[in-house]
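Worksheet for the structure shown next.
The values are calculated or read from the model by the stated rules, or taken from the named source; none is laboratory data. As the structure is a prediction and not an experimental result, all values here were calculated from the model. All Cβ positions, even for glycine, are placed from backbone atoms using ideal geometry, and neighbour counts span all protein chains on display. Note: accessible area is taken over every heavy atom of the protein model, side chains too, but ligands, DNA and RNA are not part of it. Shrake-Rupley method; radii C 1.70, N 1.55, O 1.52, S 1.80 Å.
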Amino acid sequence: MADSLGQNWKNRDFTLSSISDLSSDDASSPGIARFTSDALQIHPESPQIPLNFDLRTAQILKLGPVQSLCTMEGSDDGKSGSYSTGVSIKFKNEEDCAAFHSAVQQWIKENNVQGNLPNGTLTTSKSKFDEKIEPSSAKMYFHYYGQLLHQQNMLQDYVRTGTYYAAVIENRADFTGRVVVDVGAGSGILSLFAAQAGAKHVYAVEASEMAEYARKLIAGNPKLAQRITVIKGRVEDVELPEKADILISEPMGTLLVNERMLESYVIARDRFLTPTGKMFPGVGRIHMAPFTDEYLFIEIANKALFWQQQNYYGVDLTPLHGTAFQGYFSQPVVDAFDPRLLIAPPMFHVLDFGKMKEEELYEIDIPLRFIASVGTRVHGLACWFDVLFNGSTVQRWLTTAPGSPTTHWYQLRCVLSQPIYVMAGQEITGRLHLIAHNAQSYTIYLTLSAKMWGPGAEQGGILQTSSCKLDLKEPYYRMSQPQAYPVAQDQQPQPLVQTQDIHIQSQEFEEPEIMQQLSPNSCAQIDSLMQKI
């Protein structure tokens, strides 16, 4: 079929509804595209010199059903890998566009062009994304983000959207006159921000059907649209006509790494970013601290009470109670919690997006060490993240910390099915081990330990240890507001540390001391429940 569409390329003109020069602000004009024996010629109707593209070195990319991009390699300064000419062309209908690209392939075939990826296509070999991610997960993922209601949910996270806007606009010096690639562009909002900040051109790469909505949104902002090109495809597969000075993206998931888009962000860095380019954001940190929360523990444990029924329509359900109990504790809890539930100053693990290798995200192993601020039962590990926009003018942090304005990421807590006891000043050690899986998420392995106290504990160094395995893909979304917890009389409220004041080079920073007044009745209730398991 392709050959039949393009077989008459030598004698055919392709009518173009518009021709737009990417390096100029001049208005687009209609024209024609014509193949010669050694080039593709673009003839605008306006009195301009025809543009000649040598198809042995040019890139002809299909951006949409009726839109294509033509770029020609080479520049006046002789730098390799740069492009001196680039035009966006639009056809009157999809049939003309398909025939044009078939003609490109026929020209390449007849002229025995070797070594380049066929123009206007993506690689047909299995991509790196396909090798890592199972098809059913990818299909659900791109379907989810292809729906406007989910984009609206993110856009209405004003902490997220406002921080991105401020980070871009306050750092106009980084964007003005620069080429920007928006990785996983979604609705195209970050591309529009970059264009507002003066970007020379923005390539908005989006793999889901949201790409069509992005085109529509961008076209509805004509003053910015001339400098934005939407490319539908995955960053692992698409080809771009030039290198980027800036990568911008919102690749963060729950616990920073869920959905595994950070890997695509790093791949985009390696494929598209110049050696001196910037990434917005450029650094991410996972923060962790042990917590106590009797209410949450009881809530999760009580879910399994259904399976303690010995006469459910004549059926004894108790054989499955233990399995159900552990199943509920295998779900990380996503909610906003009171920071006073933390029982030790937090620590953090740094991910430098500009330097790390993609493979470093396949497995993340974090040793844990805390000093308890209060004697209590430790119910698990609380986690949140922040990212840094390291602009030349302003450095800005986006944080999801407890006590800060709530985002759509909330915070995450890994709850132990067997809490451990600690005294004030006691050391808590452990390990948080994240292993990526092909459903675009991670399996979490958490272990927390503390030396026991009392007679003989010092001599034997006896440890009490609790572990759990959780699936980050299947969290328990507990979207209730933080409960009001009583504050001890001798505890004075302390302001939260501003994330902007924290230096990423050191983990020696101060957080407010956390004190928690526990109910004796709640401990007895838990102990009674645990004895039944």
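Summary of computed values
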{"item": "Separation of the TYR144 and MET423 label points, Cα + 7 Å toward Cβ, nm", "result": "4.6"}
{"item": "Accessible area expressed per residue, the stretch 223-277, with surrounding protein chains retained (probe 1.4 Å, Å²)", "result": "31"}
{"item": "Label-point separation in nm, MET479 to THR393, each point 7 Å along Cα→Cβ", "result": "3.6"}
{"item": "Percent RCO, i.e. relative contact order, over the stretch 116-268, from Cα pairs under 8 Å lying at least 6 residues apart", "result": "23"}
{"item": "Percentage relative contact order, the stretch 364-433, counting C-alpha pairs under 8 Å, at least six apart", "result": "54"}
{"item": "The stretch 352-416 shape via C-alpha gyration tensor axes, a/c threshold 1.5", "result": "oblate"}
{"item": "Sorted peptide list for 365-375, 414-424, criterion being average Cβ within 10 angstrom, highest first", "result": "414-424, 365-375"}
{"item": "Å² of accessible area per residue within the stretch 126-194, as computed with a 1.4 Å probe and no ligands counted", "result": "45"}
{"item": "The stretch 271-418 - percent of accessible surface contributed by carbon and sulfur, probe 1.4 Å", "result": "53"}
{"item": "Across LYS139/LYS469; LYS357/LYS469; LYS128/LYS243; LYS62/LYS232; LYS62/LYS223; LYS128/LYS278, pairs whose alpha-carbon gap is larger than 18 Å", "result": "LYS139/LYS469; LYS357/LYS469; LYS128/LYS243; LYS62/LYS223; LYS128/LYS278"}
{"item": "Hz values of 3J(HN,Hα) by residue in the stretch 406-416 - Karplus curve (6.51, -1.76, 1.60), Gly and Pro given as x", "result": "6, 10, 6, 7, 6, 10, 10, 10, 9, 9, 7"}
{"item": "Three semi-axes of the equivalent ellipsoid, the stretch 281-411, Cα gyration tensor, whole Å, largest first", "result": "37, 18, 14"}
{"item": "Computed accessible area, HIS321, all protein chains, 1.4 angstrom probe, square angstrom", "result": "10"}
{"item": "FRET efficiency for GLU209 and SER46, using Cβ-Cβ distance with R0 set to 35 Å, rounded to 0.05", "result": "0.50"}
{"item": "Computed E for SER29/GLN196 - FRET, C-beta separation, R0 35 angstrom, nearest 0.05", "result": "0.85"}
{"item": "Peptides ranked, highest mean first, by Cβ atoms within 10 Å: ranges 182-190, 405-413", "result": "182-190, 405-413"}
{"item": "Additional length obtainable on full extension of the chain from THR323 to LYS223, 0.36 nm per residue less Cα span", "result": "30.1 nm"}
{"item": "Solvent-accessible surface ranking, highest first, for LYS139, LYS451, LYS128 at 1.4 angstrom", "result": "LYS139, LYS451, LYS128"}
{"item": "GLU360-ARG56 pseudo-label distance in nm [points 7 Å out on the Cα-to-Cβ vector]", "result": "4.3"}
{"item": "For the stretch 133-222, alpha-carbon Rg relative to the globular expectation (2.2 N^0.38 Å, N residues)", "result": "1.14"}
{"item": "Extension gain, THR443 back to ILE371 (0.36 nm per residue minus Cα-Cα distance, nm)", "result": "23.3 nm"}
{"item": "Theoretical gain in end-to-end length, SER37 to ARG12 [0.36 nm per residue, Cα-Cα removed]", "result": "7.7 nm"}
{"item": "At R0 = 45 Å, FRET efficiency that the Cβ-Cβ distance of ASP130 and ASN311 yields, to 0.05", "result": "0.30"}
